[in-house]
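Presented below is the structure to which this report refers.
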Amino acid sequence: MVKMDLNLIIGGPQGGGIETAGLLAVKALAMDGLEVFADREYHSNIKGKHSYSHIRASDKRVRSIKYPVDFVAALDVESIATHYKDLKPGGVLIHDSALLDKSLLKLPPMEKKKAERLKAELDANRAGATVKELDEWLQRNGKVVLQYPFSKTILEKVKLDSQLIERAMNTALTTVLLRAAGMPLTKILEAVDSLFIDKAEARDLNRAVAGAVSDGFDELSGTKKLDIKILGQDRPPRGKRMLVAGNDAVAIGKLIGGLRLQTYYPITPAADESFVIEQHAKLLDSEGRAVGSPIVIQAEDEISAICMAIGGALTGVRSATCTSGPGFSLMVEGIGWAGMNEVPVVVTCYQRGGPSTGLPTRHSQSDLLFAINSGHGEFSRIVLASGSHEEAVDDAVKCMNLAERYQVPVIHLLDKGIANCVTTVDPPVFGAVERGKRAEKGTGEYLRFAFGDDPVSPRAYLGEELMWYTGDEHDELGHITEDPDTRRRMYEKRMAKREKILKEAPDGDKAVLYGDEGFEDLLVTWGVSTGAAIDALPELRSRGSRVAVLQVRMVEPFPADYISKFVSEANNVIGLEANYIGQLAELVGCNTGFRIRSRILKYTGRLITQDEVVNAYMRIKGGEERVVLTGGE
Amino acid sequence: MGNCKGCRWWRPDYFFDDLGECEKKPGIHREDEAACEMFEVKKENEFCWCRDCKVTFHASERGLHRGHNFFCRTRVDPDVHEYTSTGD
């Protein structure tokens, strides 16, 4: 059994079928019995800009990407120019031989600054100015270059409708890439069948393309002696796996958790979650008959989206909305209203690069402090941050349960890294749906905000009892009041939920420790960055470090006592997150009094990678206090 | 006689510019195919497609594209938006 860790990049112009190429490779690798984690990087424009998938596959669980890579498969010159330097020694570059005479310096879609950087690199390396010259330079420097006549082969061997060239080139590239890594054609065709399961015409075309280029590859690889057998090994069968993006994971979780109303206004990288719910969810009765689907409403803006979700929650249906930073900004007033009226509504917030529209399609973890402080005044809320796709499924269920148990708005905080990365996960376990404390009928005058020992009052749905809701301070009935004593008691009732939440939350909802308990150094992180830290642990240990990773999950109310236990035990505590300030590190400091001085940060819009964690950790050990990561294109 | 690349009926693909469509022949072709009986030398229209800049330009902007490869039109997959991730 070969231990393997395969990293590959498939790049091309946005709109040129590059996303399908990546998905096909991910599917083929997952169906080959491997664990997969794939990052999708794409521009916010419609077409032409450089996009790529960085796919990592292993026979053990992987949660992050890693450089350098084994393969770069390029659909266009910009992908070659951008990623040639990412190849490890012995790594393979694959591209169309038709590109050989193209200039590396005349790339219109490339941004000017990137073009200047590229030219400087090429000049410094004396790597030439054309694809052919770069290929020769790479081969002189221990890399393998596979120039394949993709377009020629497709045009000669496949009967191609003129509209389908973009949809053929991507499959051709991926097929040759996987064949070069040792995967037999039969497995690639299985993945093609699965990817185009509902599209017979596309399936047949892609099967034909894969077959044609695979035949050509056999002839070519014979002459080139390309014999890399990373894939195609016999692997022990794995249990049933699912291949999901983070958007899919949350959608699945919400459906398992009994979601009945989802509202949204389209925004990257959140909207796909609503599309998944809308397209795939069917509600069945106890006898398996279809009785409809959850209601998914595209509102006119995010203000309406949150207000509709609040309205739905008041009627007693499980309601949620989803958005990212700019939309979340608009939802803040509604979240405050939900806090004042103790409305169990869930807001799924996928962070992306800000401020303003910022980097719409790029990763960031810079909305943590915003999420916990969103809204004026003070009120109880829960902010739960998932660190993986599996957690995203479970937490989506949990968020709806928590919202109804405590009657507070719950913010499920994710990031673009989770939203758009695709990975293999175990099928979800169907957990319990908890609807919270309900009012008994016919017990006299109903007090929606009744005072009592428990800050959570029995809840009736709209239409069951008479009740009033207002943004103003109110009495137990919900009527507006400015009486100072009622104000104090109602304020304290709302805020007392924070203590109750912390007291009742299981440790695993607060934070999770990965690694040995006898640690000396502690990496404190959250969100998708957790994966890179966990993946880095074996290498850090092999270098003699006794290090563990603490993933903080509940960030509001903040479990200060629980976190203090860990940070106070470590000799060195290092923050790791994708923002400028070190927002989690600041939050730990504010709540525990423990100042995390060493911080590893990244705010380029790209994921923190495993190799970056290792290198940055060693720099921290070497005496640096703040390490800013810059890797990735 | 030249090849497809030099013909007025040639429409290079937006993404894969060594491939393209001919307005007179069905299917996708390579730009270096030998010219056929329908070959006509390409000439500048009021609007042209610059392959080097990937933009359509007006004849009045010709000076900005001196030395570049221009074509009468370009070819874009009409369904491209259906499967393109973008963000806003």
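A short reminder: the numbers here are calculations on the coordinates, not readings from a lab. Small disclaimer: the values here were computed from a predicted structure and weren't measured. Neighbour counts run over all protein chains shown; Cβ positions are idealised from the backbone, glycine included.
Only bridges whose two residues both fall in chain A count here: according to DSSP, what percent of them are antiparallel, nearest 5? So the antiparallel bridges in chain A amount to around 35 percent. Is region A:53-134 best put as rounded, prolate or oblate by its Cα gyration tensor, with a ≥ b ≥ c the root eigenvalues, rounded for a/c under 1.5, and otherwise prolate when a/b is larger than b/c, oblate when not? Taking the square roots of the gyration eigenvalues as a ≥ b ≥ c, region A:53-134 is prolate.
Count Lys and Arg as plus one, Asp and Glu as minus one, and take only other residues whose Cβ is under 15 Å from that of A:ASP101; the net charge is then -3. Near A:ARG459, the amide H atoms lying under 5 Å from its own belong to A:ARG438, A:ALA439; only residues 5 or more places off or on other chains count, and H is placed 1.01 Å from N. Taken one residue at a time, the phi angles of region A:72-87 give Karplus couplings (6.51, -1.76, 1.60, θ = phi - 60°) of 10, 10, 10, 7, 9, 5, 4, 5, 5, 5, 6, 10, 4, 6, 7, 6 Hz. Gly and Pro are set to x.
Applying a 4.7 Å cutoff between beta carbons, the unpaired cysteines of chain B are B:CYS4, B:CYS7, B:CYS22, B:CYS36, B:CYS48, B:CYS72. Using a cut-off of 11 Å between beta-carbons, work out the net charge of the residues near A:GLY316 (Lys and Arg +1, Asp and Glu -1, A:GLY316 not included). Its environment carries a net charge of +3. The value of relative contact order for chain A, using C-alpha pairs under 8 Å at least six residues apart, is 11 percent. Each of A:VAL158, A:VAL408 has some number of other Cβ atoms within 10 Å of its Cβ, and from fewest to most they run A:VAL158, A:VAL408. The residues A:LEU284, A:LEU87, when put in order of fewest to most other Cβ atoms within 10 Å, stand as A:LEU284, A:LEU87. Annotation: the residues A:MET4, B:MET38, A:MET308, sorted from fewest to most other C-beta atoms within 10 Å of their own C-beta, follow the order B:MET38, A:MET4, A:MET308. Using the structure shown, list the pairs from A:LYS102/B:LYS5; A:LYS49/B:LYS54; A:LYS66/A:LYS114; A:LYS132/B:LYS42; A:LYS114/B:LYS5; A:LYS27/A:LYS187 with a Cα-Cα distance above 19 Å, or answer none. Those over the limit are A:LYS66/A:LYS114; A:LYS132/B:LYS42; A:LYS114/B:LYS5. The phi-based Karplus calculation (6.51 cos²θ - 1.76 cosθ + 1.60; θ = phi - 60°) puts the 3J(HN,Hα) values of region A:387-398 at x, 7, 5, 5, 5, 4, 5, 4, 5, 4, 5, 4 Hz, whole numbers, x for Gly and Pro. The share of alpha-carbon pairs in chain B lying farther apart than 23 Å comes to 26%. Around the amide H of B:ARG75, modelled in the peptide plane, lie the amide H atoms of B:ASP13, B:TYR14, all under 5 Å away and 5 or more residues distant in sequence or on another chain. Here the dipole of chain A is about 1640 debye; that uses its Cα centre as origin and unit charges on the Cβ of Lys and Arg (positive) and Asp and Glu (negative).
With an 8 Å cut-off on Cα pairs and a minimum separation of 6 or more residues, tell me the relative contact order of region A:549-633 in percent. Don't skip to the answer; put the middle values down first.
Working: 103 pairs, mean separation 21.1, N = 85.
For region A:549-633, the relative contact order is 25 percent.
The residue among A:ALA210, A:TYR514, A:LEU368 whose Cα reaches farthest toward the positive pole of the charge dipole of chain A, with charges on the beta-carbon of Lys, Arg, Asp and Glu, is A:ALA210.
Remark: mean inter-chain Cβ contacts per residue of A:12-20 equal 5, using a 10 Å Cβ-Cβ cutoff to other protein chain atoms. Between the listed residues A:VAL573, A:PRO559, A:ALA548, the Cα displaced farthest toward the positive end of the dipole of region A:519-618, a dipole computed from Cβ unit charges relative to the Cα centre, is found at A:VAL573. Remark: region A:33-42, residue by residue, has Karplus-estimated 3J(HN,Hα) of x, 9, 7, 10, 9, 10, 9, 10, 10, 9 Hz, where x stands for each Gly or Pro and the curve is 6.51 cos²θ - 1.76 cosθ + 1.60 at θ = phi - 60°. For region A:565-633, the convex hull spanned by the alpha carbon atoms encloses 83 Å³ per residue.
Across chain A, Cα-Cα pairs farther apart than 48 Å form 19% of the total. The residue list B:ALA59, B:CYS22, B:PHE71 was ranked by how far each Cα lies along the charge dipole of region B:21-81 toward its positive end, using unit charges on Cβ atoms, and B:ALA59 comes out on top.
Summary of the geometry: region A:237-298 and region A:454-474, compared by the centres of their Cα atoms, lie 29 Å apart. Straight-line cross-link partners of A:LYS159 among the lysines, defined as a Cα under 17 Å from its Cα and at least 8 positions apart when in the same chain: B:LYS25. Distant-in-sequence amide contacts of A:ALA299, defined by a placed amide H-H separation under 5 Å and a gap of 5 or more residues or a different chain, comprise A:TYR264, A:TYR265. With an 8 Å Cα cut-off and a minimum separation of 6 or more residues, compute the relative contact order for chain B in percent. Relative CO of chain B lands at 30 percent. Ranked by the mean number of other Cβ atoms within 10 Å per residue, highest first, peptides A:435-442, A:299-306 order as A:299-306, A:435-442. Note that region A:135-214 carries a Kirkwood radius of 13.4 Å, evaluated over its alpha carbons pair by pair.
Basic side chains Lys and Arg get +1 at the Cβ, acidic Asp and Glu get -1 at the Cβ, and with that the dipole of region A:377-494 about its Cα centre reaches some 140 debye. Taking the Cα centre of region A:10-111 as origin and assigning +1 to Lys and Arg Cβ atoms and -1 to Asp and Glu Cβ atoms, the resulting dipole is close to 260 debye.
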